[in-house]
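Working notes for the structure below.
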Amino acid sequence: MQKYPVRANHRANLQTEALVSLVRTHFDSGERHGEEVEASYGAISTLRVAAEGRDLRVDVSMNPKVPEDVARETIRRYNDFLEEVTGYSSKERARKLRQSATSSGSDGA
């Protein structure tokens, strides 16, 4: 499970109905289960997303035994989805995750 911060001007995307719409846009399917949205696509066996305060909680299970072109397309769609929901590019998300890891003292020391 991973939590991603969401820009203030993108927080409306954390509403469950907005998440359902965005999941369906990027992964061609999506089902609401309470406050969670679940989907699968390509190399993603199971994707579960939900709002957790001001963050997006993502639980993803991948299938490593898919063709390379399917894996590439899945990763592209996953990154596009995360960017649209959070407002942060993949580089910005990585930087924020590194910052939160070091600030919380979980830098491996």
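Only the coordinates and a few stated rules stand behind these numbers; no lab work does. For clarity, every value in this text was computed on a predicted model and none was experimentally measured. Note that each Cβ is placed from the backbone with ideal geometry, even for glycine, and that neighbours are counted across all protein chains shown.
Would you mind putting 77-87, 44-54 in packing order, based on average other-beta-carbon counts within 10 Å, highest first?
The packing order, highest mean first, is 77-87, 44-54.
Placing +1 on the Cβ of each Lys and Arg and -1 on the Cβ of each Asp and Glu in the chain, which of A12, G87, L47 has its Cα farthest towards the positive end of the resulting dipole?
Going by the Cα projections, it comes out as G87.
What nm distance separates the two modelled labels at N9 and S21, each placed 7 Å from Cα along Cα→Cβ?
Roughly 1.8 nm, to one decimal.
Over the residues of the chain, compute the C-alpha Rg and express it relative to 2.2 N^0.38 Å.
Output field value: 1.08.
Over segment 2-103, what relative contact order in percent results from Cα pairs under 8 Å that are six or more residues apart?
Result for segment 2-103 is 30 percent.
Would you calculate, for the chain, the mean residue ellipticity at 222 nm contributed by helices, counting each DSSP H stretch of 4 or more residues as -39,500 (n - 2.57) and dividing by all residues, to the nearest 500?
Estimated from H runs of four or more residues: -13500 deg cm²/dmol.
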